[in-house]
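One structure is given here, and the rest of the page talks about it.
The values are calculated or read from the model by the stated rules, or taken from the named source; none is laboratory data. This one's a predicted model, so the numbers in the text were calculated from it and none came from an experiment. Reconstructed Cβ throughout: ideal geometry from the backbone, glycine too, with neighbour counts over all protein chains shown. What goes into the accessible areas is simple: the full protein's heavy atoms, side chains included, and nothing from ligands, DNA or RNA. Shrake-Rupley method; radii C 1.70, N 1.55, O 1.52, S 1.80 Å.
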Amino acid sequence: MLAQIRSASIQGIDAFPVEVEVDSGPGPQQIVLVGLPDAAVRESRDRVGTAIVHSGFRFPPGRTTINLAPADIRKEGPSFDLPIAVGILAASKQLTPRDLTAFAMVGELALTGAVRAVKGALALALRARAEGCRGILLPAENAAEAGVVDRLEVIPIRSLQEAAQFLEGESTIRPLRVDTEALFRGGSNDSMDMAEVRGQESVKRALEVAAAGGHNILLIGPPGTGKSMLAQRLATILPPLTLAEALEATQIHSVVGQLAPGQALLTRRPFRSPHHTASDAGLLGGNTHPTPGEISLAHHGVLFLDELPEFKRTVLETLRQPLEEGKVTISRAAGTVTFPAQFMLVAAMNPTPDGKMPAESRSSPREILSYLGRISGPLLDRIDLHVEVPAIRFTDLDRARPGESSQEIRQRVEAARERQRHRLVGRPISCNARLGPRELQQFIQLDSPTLSLLKHALADLNLSARAYHRVLKVARTIADLAGSERVTLEHVSEAIQYRSLDRQIWG
């Protein structure tokens, strides 16, 4: 008898449909598995056979042929254990389900018959809905994650026996639904607050501008000035994730296995801080079958690179395309995969090898140039704000009154982002950092005094055309924070100040 089970497999961060066909026929006992399976899928023959026996069923005698269609796409991982087992039971007439094609199935089987969690449950559930399935049977640990998908019955399964009883109608399992609004209400508590940072008001202002426009920012200062502390608290002043952004970010973390057991959704913007020894594959994503790297895990969040010059230059250069395009494309022999990578880059560094500003450093000019030369000009051009983080004064440390809270700053950031969303409605961008030349021309008209200031600043700072556009984008954000529809001399002047270190350090 032939049984057909609907399932899915992960490719990149998305899922594609897979049909599991099982045929049980006469002949010597043998299991044949075809359909371009990888090693983990091939090993399912032994897991499934033992799980069937320990679940109170018998493994059918004769030849069992299992096909995973389409046959020209490689299938990876242990998520086909459950559909294969159900297919064997149906093909051997030990299971007579009412409608086997109404539900998609995924899950790894333990030898006892228990169903274990798999990676990418959200993507698998989205694919099941797209294929017109009524619901999906998947491990109970993954049910909350899949439960955020509407118009799909998510059936949490704990064992093969439980799945068989449900499919035969002997038991009922209530579909799991997740209240996403409740998740967002409960996920806004921050363990860190900008009020904990004493002093550094000019740096906080720069971080507010960066958060309001989604701009990349570089913090430059001696050790112990609070660069890492400030960067970590940037996430607390960013606007909350929308549901669409949360689904995209959760899907990426799910495929990599970064979600906590039972976690349904990422409700806070990701903050990724890879060590400076990270490879280009660790940052971009890679392996034989590409998986997302740190820049994709930071999608819709913050990528913090501390001690920027300590990263390998070849690794830093790989950031140039994602910073411009908001995505990364990886090509391997197995195929080409594109991962989303719209993140805010926050970098921190010392100005010289000994940590002091160039005028005070004991390092030789050659040593300083060699240190700074690890960061290329094209990469610096893609960082909108270059901000000095000075040493903290004792009066600031001893100050009893805290500064502004993250909530107060975030309210201004959200108001500025709302102005941008209203201005950019109908366009595929949502913040000023993503403005193109056409949008810059449409949304920024400068008067003669402002153009004159900008012209002299470009000459004095020797800025590139890309840096010129970055100044305009930052000025547009400063105007949005001020509630102004026009970009004025004051806004451009502040934006130029955030490039002044170009000349002081790299000049």
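Couple of notes before you dig in:
- Contact order normalised by residue count of the chain, Cα under 8 Å, 6+ apart, percent: 13 percent
- Averaged per residue, the range 378-492 has 54 square angstrom of accessible surface, using a 1.4 angstrom probe with ligands and nucleic acids left out.
- Kirkwood analysis of the range 227-326, using all unique Cα-Cα pairs, places the hydrodynamic radius at 14.4 Å.
- Hydrodynamic radius (Kirkwood) for the chain, which is based on Cα pairs only, to one decimal in Å: 25.5 Å
- Pairwise centroid distance, computed over Cα atoms, of the range 314-357 with the range 1-16, Å: 33 Å
- Over 32 Å apart at the Cα level, from the set Lys227/Lys327; Lys75/Lys327; Lys204/Lys356; Lys312/Lys455, are Lys312/Lys455.
- Trypsin sites (Lys or Arg not before Pro) lying in DSSP loop within the range 350-383, provided at most 11 other Cβ fall within 10 Å: Arg362
- The residues of the range 107-162 expose on average 36 square angstrom of accessible surface per residue, using a 1.4 Å probe on protein heavy atoms.
- Helix 121-130 vs. the chain, principal-axis angle (Cα, 0 to 90°, nearest 10): 70 degrees
- Over all Cα atoms in the range 354-437, the spread is summed up by Rg and Dmax: 19.8, 54 Å.
- Its relative contact order, with pairs defined as Cα atoms under 8 Å and 6+ residues apart, puts the range 254-338 at 29 percent.
- Computed over neighbours whose Cβ is under 11 Å from that of Glu324, the net charge equals +3, Lys and Arg +1, Asp and Glu -1.
- Per-pair calculated FRET efficiency, R0 = 45 Å: Ile392 and Ser430 via Cβ, rounded to 0.05: 0.80
- Modelled label positions at His422 and His276, each set 7 Å beyond Cα in the direction of Cβ, lie 4.5 nm from each other.
- For a label point 7 Å along the Cα-to-beta-carbon line of Ala130, residues of the range 16-52 with backbone N under 16 Å: 16-19
- Val53/Asp99 FRET efficiency (R0 25 Å; Cβ-Cβ; nearest 0.05): 0.40
- Between Glu196 and Leu111, the simple spin-label model (points 7 angstrom out along Cα→Cβ) gives 4.7 nm.
- Between the range 235-264 and the range 406-429, the alpha-carbon center distance in angstrom: 20 Å
- Accessible-area composition of the range 109-241, carbon plus sulfur, in percent [1.4 Å probe]: 46 percent
- Using a Förster distance of 41 Å, the FRET efficiency for Asp150-Arg332 (Cβ separation, nearest 0.05): 0.75
- Acute angle (nearest 10 degrees) that the helix 44-54 long axis makes with the longest principal axis of the chain, alpha-carbon atoms: 60 degrees
- Of the trypsin sites (Lys or Arg not before Pro) found in the range 129-176, those that fall in a DSSP loop while having at most 10 other beta-carbon atoms within 10 Å are Arg151.
- Probe 1.4 Å, accessible area per residue of the range 1-77, Å²: 47 Å²
- Distance in nm between pseudo-label sites at Arg438 and Leu489 (7 Å out along the Cβ direction from Cα): 3.4 nm
- Protein accessible area in the range 298-423, 1.4 Å probe - carbon and sulfur %: 48 percent
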